[in-house]
Amino acid sequence: MVLKKISNFFKDRTIIGLDIGTESIKMVEVMRMDDGSYELLTYGVARHSIDLSEYWDSSKLRQISIIVEDILNTADFKGVKTVMSVQSKDVYVTTMDFESSWTKPRIQDEITQQAPYFLPYPPDEMRLSWTFVDEDSKIVDYTGKQRVIINALPDFVIENSKNLLEHVNLDGAALENQTVSQIRASLTPDKGNTVLMDIGGQFTTFSIVVDGILRSSSHVNFGTDKIQADLIESLGVDMITAETFKRDMGLVNLYFLPPQIVETLSILKSELKTFVELNKKVAQTPQKVIVNGGGVLTVGFMEYFKNFEIPVYEANNFRKIKVSDNLKPYVMPIASQLATAVGLSLREEI
């Protein structure tokens, strides 16, 4: 009887953040305390090589389910209420400007007419919504128009998430764009214009966040996996050795970085500069850059960006959550990889 009460206590007060990325699955479970604070109960990370694009058939669902269930059992997760991420590359987010005299119906009609030209999938295969940006005098003065934020999510993403949660017997409380989750973990509350740079193995996402609100995102099919591929080719080593080499070299300055790493970091810096310049043109001049993702662990990363035109900082993703001393040595070194899962677990609107 006592065990049952304890089980229900955990079940009712914990939230699981489930982040399924292109190369790994990350999960954290956070408990909400009576005083409004949060405490990390457990976490789990598992790499995979499953192609997650498009609709997940029964074979993919089975593979993903096995990994999720293994994390749940191995890391002793207590609850079932889960907030699951949607990869930012699968969510279309942008802003559009319209004449200040236009009514909501006219704006809706215009967005509907333009949707086939700017959406990545046919409009009838996506869930599209839009909202007005809170009045910003700089935008009004600069453009003379009213700005809206457009979000669109493919139907297959919703179906994939629903099917997976049913397979692993988790209670799906919400789906959320991973960039929004990272904002909650890394930036909330935040004032001013910030670039959130999420560097993964295969993709890098640049997002402009104004006063803590996501305005738009840009994605490039490029990440730190290129370093491994180049090291494998040039040094003749296997993937595991290349990964270790990429992250664990005992280097003291940039002069000793191998060209394979420098080339990738140079491309990322160039893409970041382009994104910053684009936002300057629409009255959203960034004041700083916050970096997330496994790419941050690449040796020499923060040193390479030290001389960027605006300050670049590594995200502090556990600033809202108490982490016990026995978990800190394991969790903190990979905090940048857990940003999305942490942000999901902190969501209150469920």
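The values are calculated or read from the model by the stated rules, or taken from the named source; none is laboratory data. What you are looking at is a predicted structure, and each value in this text was computed from that prediction instead of being measured. FYI the Cβ positions are ideal-geometry reconstructions off the backbone, even for glycines, and counts take in every protein chain you see.
The test for being of a type in the set (A, V, I, L, M, F, W, C) and surrounded by fewer than 13 Cβ atoms within 10 Å (Cβ to Cβ) does not hold for PHE98.
Yes/no matrix, rows are residues, columns are (1) in contact (Cβ under 8 Å) with a residue 40 or more places away in the chain; (2) part of a strand (DSSP E or B):
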residue	(1), (2)
ILE16	yes, yes
VAL28	yes, yes
TYR43	yes, yes
ALA46	no, yes
LYS60	no, no
ILE64	yes, no
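Taken together, the criteria place ASP134 among residues that are in contact (Cβ under 8 Å) with a residue 40 or more places away in the chain and part of a loop (DSSP other than H, G, I, E, B). State whether one or more residues within segment 40-48 are within 22 Å of ALA185 (Cβ to Cβ), assigned by TED's automatic domain parsing to the domain that holds ILE321 and at pLDDT below 95. Yes, segment 40-48 contains a residue that is within 22 Å of ALA185 (Cβ to Cβ), assigned by TED's automatic domain parsing to the domain that holds ILE321 and at pLDDT below 95. Tallying residues that are without any contact (Cβ under 8 Å) to a residue 40 or more places away in the chain and touching an Asp or Glu at 6+ places or on another chain (Cβ under 8 Å) within segment 292-343 yields 1.
Let's see how each residue does on (1) closer than 25 Å to LYS288 by Cβ; (2) touching a residue at least 12 places away in the same chain (Cβ under 8 Å); (3) surrounded by fewer than 20 Cβ atoms within 10 Å (Cβ to Cβ); (4) not basic (Lys, Arg):
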site	(1), (2), (3), (4)
LEU128	no, yes, yes, yes
ILE149	yes, yes, yes, yes
ASP155	no, yes, yes, yes
ALA173	no, yes, yes, yes
GLN182	yes, yes, no, yes
PRO189	yes, yes, yes, yes
ASN193	yes, yes, no, yes
SER218	yes, yes, yes, yes
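Where residues in segment 101-113 are assigned to a helix (DSSP H, G or I) and of a type in the set (Val, Ile, Thr), which of them is surrounded by the fewest Cβ atoms within 10 Å (Cβ to Cβ)? Across segment 101-113, the extreme among qualifying residues is THR112. Going residue by residue through segment 223-235, is there one that turns out to be modelled with pLDDT of 85 or more, outside the structural domain of GLU176 (by TED's automatic domain parsing) and part of a loop (DSSP other than H, G, I, E, B)? No, that holds for no residue.
Looking across segment 259-303, the residues that are among the small types (Gly, Ala, Ser) and on the phi < 0 side of the Ramachandran plot come down to SER266, SER270, GLY294, GLY295. Of the residues making up segment 319-330, just one is modelled with pLDDT under 95 and surrounded by 15 or more Cβ atoms within 10 Å (Cβ to Cβ), namely LYS320. Applying the set (1) touching a His at 6+ places or on another chain (Cβ under 6 Å); (2) assigned to a strand (DSSP E or B) to GLU39 leaves exactly one unmet item: (1).
So, VAL68, is that one modelled with pLDDT of 95 or more, touching an Asp or Glu at 6+ places or on another chain (Cβ under 9 Å) and closer than 15 Å to ASN163 by Cα or not? When the stated conditions are applied, VAL68 does not pass them. For segment 324-340, the condition holds for at least one residue, the condition being that it is touching a Ser or Thr at 6+ places or on another chain (Cβ under 6 Å), outside any loop (DSSP other than H, G, I, E, B), closer than 19 Å to ILE71 by Cβ and among the β-branched types (Val, Ile, Thr). Pairing residues of segment 261-288 that are closer than 18 Å to PHE203 by Cα with residues that are small (Gly, Ala, Ser), at Cβ distances under 6 Å and at least 6 apart in sequence or on separate chains, gives PHE275/SER218.
Checked against (1) surrounded by 17 or more Cβ atoms within 10 Å (Cβ to Cβ); (2) free of Cβ contacts under 8 Å to residues at least 40 places away in the same chain; (3) touching a Pro at 6+ places or on another chain (Cβ under 8 Å), PRO122 meets all criteria but (1).
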